[in-house]
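The values are calculated or read from the model by the stated rules, or taken from the named source; none is laboratory data. Keep in mind that this is a model prediction, so the values were computed, not measured. Cβ: placed from backbone, ideal geometry, glycine included. Neighbour counts: every protein chain shown. Surface accessibility is based on the protein's heavy atoms, side chains included, excluding ligands, DNA and RNA. Shrake-Rupley method; radii C 1.70, N 1.55, O 1.52, S 1.80 Å.
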Amino acid sequence: MEMPNDYAYSVRMSPMKFGVGVSREIGNDLKRMGIKSVLLVTDENLNRNTDIPKKIKGYIEQEGISVEVYDKVEPEPSYQRVNDALEVASSLDVDAFVGVGGGSAMDVAKATSLYLTHPADFFDYIGKPFGKGKPIPPGPIKPVICVPTTAGTGAETTPMASFAIPEKGIKIGFGAPNMMPALAVVDPLNTVTMPPSVTVATGVDALSHAFEAYTAVAYNARPMPRTPEERPVYVGCNPVTDVFAERAIELIGKYFRRAVAKPNDIEARSGMSLAAFLAAVAFGNAGVHINHAISYSFPYERHLPHGIAVGLCFPGTALFTAPIYPEKHLRVAELLGENTEGASKYEAGELVYNALVRLYYDIGFPNGISEYFDESDIPEFVKKASQQTRLLSAACRYPSEKDLEEIFRNSLSFW
Ligand SMILES: [Fe+2]
């Protein structure tokens with residue numbers, strides 16, 4: 001008997017406060033949540049090179065809340081940072097965590113709160129084969145408040161965290177519904193100090209989140225789960241995530257170049273901050289797929305920034321997914337500023353490809369994988385990417401090894 005397709009989807013997002021200068025209100029936000037003592041988890045470079053973490057600390061202390069700072073988070077953080085932050089948090093009586101920074105600081109804050117509430121060895125809650133795959137206990141963890149200082153990862157509204165395991169040369173991700181931030185404080189002013197290279201990488205990550213969510217398998221194209229519990233965490237694209245993804249792509253099309261060219265352009269920074277949040281709501285429910293699967297195939301030792309690794313094959317991926325949703329791809333091209341008038345559905349992939357390449361050129365994104373690797377590396381990359389079956393099966397079209405090879409070849413160089 002053929003199973004009917006699924007009919008349901010749900011949408012989760014963090015409560016969010018958005019506005020230029022809104023981080024000034026964070027002490028009040030925390031006070032209203034009944035919080036008395038926090039561990040502020042932040043990035044080492046951010047704390048050294050900007051006054052953002054110090055200011056946030058001051059805004060919280062103004063309300064009589066005590067703040068301890070853990071500032072040893074590095075980019076692509078090692079899981080050891082969670083153990084370190086946990087040690088600090090356990091010695092204090094903290095009742096909440098505030099993550100200030102990019103994805104890494106927010107991820108460390110989320111994971112530290114989880115392990116403080118549900119003590120375990122770090123690898124207990126990590127999926128096999130790298131961890132023990134024990135289920136993360138349900139029930140609330142200590143609230144995590146996220147203050148993003150980049151416009152990209154969207155970690156402020158996803159229940160996931162990812163860490164490097166340096167001794168194994170890999171990165172792993174894990175998450176559970178109770179790791180969702182209790183509040184996202186999105187203040188575009190906190191993003192103006194981002195260097196252009198970080199604006200570029202994080203912005204492409206956000207654009208890819210929106211695109212991958214928009215071109216994920218549809219929620220009602222999967223077979224009906226036997227029980228509600230078996231419904232996947234990432235349900236696929238649906239009417240809500242499509243709205244969020246489209247708006248994110250439109251904002252990025254409008255503001256990305258400006259945010260790179262003029263770091264102090266508050267309107268452009270606001271557009272990018274909002275876009276990153278919207279894109280994260282979209283992918284946090286619909287899922288990401290090929291670009292993120294491919295990002296794991298590049299060697300860990302090269303330490304490519306996440307947004308670069310995700311973006312390198314993005315134009316090639318768009319050529320591959322376009323035949324499934326030509327109208328959606330035409331819409332993406334249009335939102336990114338391409339003239340799609342009178343374009344046929346057969347041109348949809350190429351129009352997105354061209355829109356991305358033009359954007360990449362203007363913002364100074366690397367000119368394809370040949371800037372880092374040789375053509376002869378492609379077979380190895382294909383092998384690694386094809387192992388990411390969970391991610392790949394979230395795409396509207398499942399790429400075979402031959403398809404992946406074509407995606408890599410179409411992304412060797414763009415101009
Ligand atoms: Fe990402």
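Observations
- Under the span-like rule (Cα at least 24 Å along the axis, Kyte-Doolittle mean at least -1.0), DSSP H helices of the chain: 196-214, 239-261, 266-286
- Full-extension gain in nm, residue 51 to residue 32, via 0.36 nm per residue minus C-alpha separation: 4.3 nm
- Partner lysines for residue 254 [C-alpha distance under 16 Å; skip if fewer than 8 residues away on the same chain]: 262
- Pairs of Cα atoms farther than 26 Å apart, the stretch 22-186, %: 19 percent
- Spin-label pair residue 124/residue 387, simplified geometry with 7 Å Cα→Cβ offset, distance in nm: 2.7 nm
- Counting only Cβ charges, +1 for Lys and Arg and -1 for Asp and Glu, the dipole size of the chain around its Cα centre is about 660 debye.
- Lysines whose Cα lies under 16 Å from that of residue 168, excluding same-chain neighbours fewer than 8 positions away: 128, 132, 384
- Residue 233 versus residue 63: modelled label distance in nm, points set 7 Å from Cα along the beta carbon direction: 2.9 nm
- Per residue solvent-accessible surface (Å²) - the chain, probe of 1.4 Å: 42 Å²
- Cα Rg, Dmax, the stretch 196-409, angstrom units: 16.5, 52
- Two-site FRET efficiency, residue 341 against residue 5, from Cβ-Cβ distance with R₀ of 56 Å, rounded to 0.05: 0.95
- Most mobile listed residue (154, 133, 287) in the chain, GNM with C-alpha springs under 10 Å: 133
- Whole-Å semi-axes of the chain's equivalent ellipsoid (Cα gyration tensor): 33, 24, 21
- Under the shape rule built on the C-alpha gyration tensor, where the axes satisfy a ≥ b ≥ c, the stretch 130-252 is oblate, since a/c reaches at least 1.5 while a/b does not exceed b/c.
- Nitroxide proxy distance, nm - points 7 Å out along Cα→Cβ at residue 362 and residue 258: 1.1 nm
- Our analysis of the stretch 121-173 gives Rg over Rh at 1.01, with the two radii drawn from alpha carbon positions and Rh computed by the Kirkwood formula.
- In plain terms, if you count all Cα to Cα distances in the stretch 278-379 and split them into 5 Å steps from zero, the share in each step is 2, 12, 19, 23, 21, 14, 7, 2, 0, 0 percent.
- The portion of the accessible surface of the stretch 196-409 made up by carbon and sulfur, rounded to a whole percent, is 51 (1.4 Å probe; DNA, RNA and ligands excluded).
- Within the accessible area of the stretch 98-180 (1.4 Å probe), percent carbon and sulfur: 62 percent
- Separation of alpha-carbon centers, the stretch 342-415 and the stretch 314-341, rounded to whole Å: 13 Å
- Using the Cβ-Cβ distance between residue 402 and residue 84 with R0 set to 45 Å, the FRET efficiency from 1/(1 + (r/R0)^6) comes to roughly 0.50.
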